Structures are given as C-alpha cells and as structure tokens.
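Following: one structure in structure tokens, then a few remarks.
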Amino acid sequence: MTKSVLAIDIGGTKLAAGVVDAAGTILARGEVPTLAAEGPERVLDRIVRLSRDVLAAPRVSAGSIQRIGIGCAGPVDRGAGLILNPPNLPGWTRVPLVERIQKALGHPAVLENDANAAALGEFRYGAGRGASSLVYLTVSTGIGSGIILDGKIWHGLRDGAGEVGHITLLPDGPICGCGNRGCLEALASGPSIVRRAREALATMRPSRLLDVGDFTAADVVQLAREGDVLAGEVWDDTVRYLGLGVAAIVTILAPERVVIGGGVAQAGDFLFEPLRRDVRRRVKLVAVESVPILPAALGPDVGILGAAAVALESK
Ligand SMILES: [Zn+2]
C-alpha cells in the first residue's frame with residue numbers, strides 16, 4: 001500500500017482537507033467555510049468532520065494514512081502543537097490543535113505555519129521542483145513568506161524566520177499591521193496598493209479609478225495595463241517595492257529560486273517582467289541572472305499540498 005497523508009489547511013475564511021500520496025497526487029479533497037467567528041470549538045468540530053469525510057472517500061484505502069500535516073495561519077508553536085493567536089482566527093489563544101486532531105483522528109500530526117507550508121509545497125511539487133533552496137512570497141491581503149534552505153524550511157529562532165513582508169523599506173512609511181513603519185507589506189500588499197491609490201486620488205488628480213468607486217488592487221492593475229497614468233504610477237511603485245524586497249532576499253540568501261504567489265501575482269508578466277528587471281538592476285554581488293523569479297505553480301492547491309509536504313517530510 002502506498003503511503004499517504006492527510007493534509008489540513010486552516011485559513012481565516014476556509015478550511016480545506018485532502019489525502020495526498022508521496023508523489024503529490026491529491027486522492028481526495030474537501031472544503032468548508034471556517035466561520036471563524038463561531039470560535040475554536042465549533043471550528044475544530046468542522047475540521048474533524050471534514051477530515052473524516054475526506055478519509056472516507058472511495059480512492060482512499062483504509063490504513064494508508066501515515067501522518068497528518070496541518071498548515072495554519074501563524075503564529076504557531078510547532079514544538080508544542082499550539083495555535084497561538086492568529087489575527088484571522090479570533091478567540092484562538094494557545095489552542096492545542098495537534099493534540100485535539102491526533103485524539104480525534106488517531107494519527108500523529110505535525111503543525112506548520114501556512115506560509116512555510118506553502119513554501120515547502122512549491123518546493124516539492126511546484127515552481128521549486130529540482131532546486132535545493134527557494135524563497136516563497138505570497139502577496140495578497142498581507143505578504144507571507146517561507147524560506148527553504150538545503151531542502152528544509154528555515155525556522156530560525158523560535159520559528160520567527162522568513163518574515164520577508166516585514167522588512168523595512170521606508171523608515172517613516174505607513175504603519176504596518178506588525179506595529180513597525182514602512183514594511184514591504186504596508187506598501188505592496190493588496191490593501192496597501194489600494195491605500196496608495198486613494199492617497200494619490202486625494203491630490204485631485206484624474207484617474208479612471210474614480211469611476212470604479214470601491215476599487216481593488218486588481219482594478220489598479222487592470223487600469224494600469226490600459227494606460228491610466230495614476231494607476232500606472234501606483235503599480236510601478238508596487239513593482240519597485242517588491243523589487244527592493246526580492247533584491248534583499250537574493251543578496252542575503254542567493255536562493256536558487258524566488259517564487260511569488262497570492263492575488264497580486266495574478267498580474268502575471270505585468271508584474272514579473274518589470275520585477276525581474278528591477279531586481280537584476282539592483283543586485284550586484286550575486287549571480288542574479290541565474291536566480292529565476294517565478295510565479296507560484298500550485299494555485300489554490302498550495303494549502304493542501306503544502307500541509308502534505310510538511311507531513312511527508314516529518315520523521
Ligand atoms: Zn510589518
């Protein structure tokens with residue numbers, strides 16, 4: 001019987017579970033809304049029910065499950081198996097997730113923060129295949145990241161490593177959710193793009209964004225593509241901020257790949273082409289032309305495949 005794992009991805013808006021074999025094939029999957037406002041007990045019940053449904057799927061052979069991998073919004077205490085106090089899971093304070101899942105489902109479980117899990121998923125099954133090191137960034141509501149060095153997640157002191165979204169780019173810049181000013185996340189995440197566009201519009205400059213009203217980062221990208229000058233400037237700045245972040249990563253770690261996912265990366269070549277140019281222009285001491293900067297390859301499967309990779313790697 002081939003070895004497989006149960007992968008659980010816990011997000012602020014949805015819960016996903018899947019059974020994945022060692023080759024990264026998803027044998028069964030399911031998804032339900034998190035309904036995080038109902039608190040940890042109800043959400044834990046939903047996770048267990050969803051997991052049991054997935055384990056009962058026809059393609060899953062009883063007894064093939066070796067382990068459970070769980071990816072969850074951080075901060076988490078991996079060693080103790082605790083969810084500490086993620087901002088998008090209100091009321092979850094030091095929840096003993098690993099113990100509860102193991103007891104309910106009867107398999108050993110491992111926990112990882114979702115950005116690290118996603119990095120390992122892309123490394124094993126996606127845009128990082130064949131490399132030995134990779135830095136993964138997800139640019140959406142926030143900017144999460146994970147660092148893979150010599151094939152393993154680099155956790156750092158107290159699992160604090162890999163917060164690329166919180167490197168300072170503007171010392172007196174806008175306040176960030178982390179409490180610092182001018183972080184990459186406070187400048188280039190989806191909501192930060194919208195905020196900068198609103199600030200530009202407040203100077204009474206014309207833009208078709210005014211016709212959109214309650215616009216999103218995707219609207220800024222679309223209008224920038226269509227030649228709207230203000231949207232174009234906001235987007236150019238976004239690329240420049242991301243370029244500063246990626247150039248810092250490449251200069252410090254010289255990873256074999258940089259992989260970028262998340263909603264903002266949906267801009268495709270409109271992001272990646274100028275971003276590569278910007279990074280190559282800035283980095284002088286690393287063979288930057290040999291560092292591919294690539295879109296994430298796993299799409300919406302990254303949560304499940306990341307949690308599966310965590311389970312498969314753990315001993
Ligand atoms: Zn920050």
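Quick notes on this structure:
- Student exercise, segment 211-315 dipole from Lys, Arg, Asp, Glu Cβ charges, in Debye to nearest 20: 740 debye
- Dipole magnitude of segment 1-116 about its Cα centre (Cβ charges: Lys, Arg +1; Asp, Glu -1), debye to nearest 20: 240 debye
- Comparing LEU242, LEU253, VAL220 along the charge dipole axis of segment 163-282, the residue lying farthest to the positive side is LEU253, per the Cβ-charge model.
- Where trypsin sites (Lys or Arg not before Pro) fall in DSSP loop in segment 118-182, at most 14 other Cβ within 10 Å: ARG129
- The heavy atoms of TYR241 present about 20 square angstrom of accessible area, all protein chains included, probe 1.4 Å.
- The H on the amide N of ALA28, modeled in the peptide plane, is under 5 Å from the matching H of VAL19, each at least 5 residues off or on a different chain.
- Neighbourhood net charge (13 Å Cβ-Cβ; Lys/Arg +1, Asp/Glu -1) for LEU134: +1
- Relative compactness, segment 105-170, computed as alpha-carbon Rg over 2.2 N^0.38 Å: 1.19
- THR13, THR25, reordered so the largest accessible area comes first (probe 1.4 Å): THR13, THR25
- For segment 1-92, the set of trypsin sites (Lys or Arg not before Pro) satisfying both a DSSP loop assignment and a count of at most 16 other C-beta atoms within 10 Å is given as LYS3, ARG59.
- Here the accessible area of the chain is 53 percent carbon and sulfur, with a 1.4 angstrom probe and all protein chains present.
- For peptides 69-76, 187-194, sequence by mean Cβ density within 10 Å, most packed first: 69-76, 187-194
- Count of Lys pairs (Cα-Cα under 22 Å; at least 8 positions apart or interchain) in the chain: 5
The values are calculated or read from the model by the stated rules, or taken from the named source; none is laboratory data. These numbers come from a predicted model, not from an experiment. Every residue, glycine among them, receives a Cβ derived from its backbone with ideal geometry; neighbour counts consider all protein chains shown. Just so you know, the surface numbers come from the protein's heavy atoms only, side chains and all, with ligands and any DNA or RNA stripped out. Shrake-Rupley method; radii C 1.70, N 1.55, O 1.52, S 1.80 Å.
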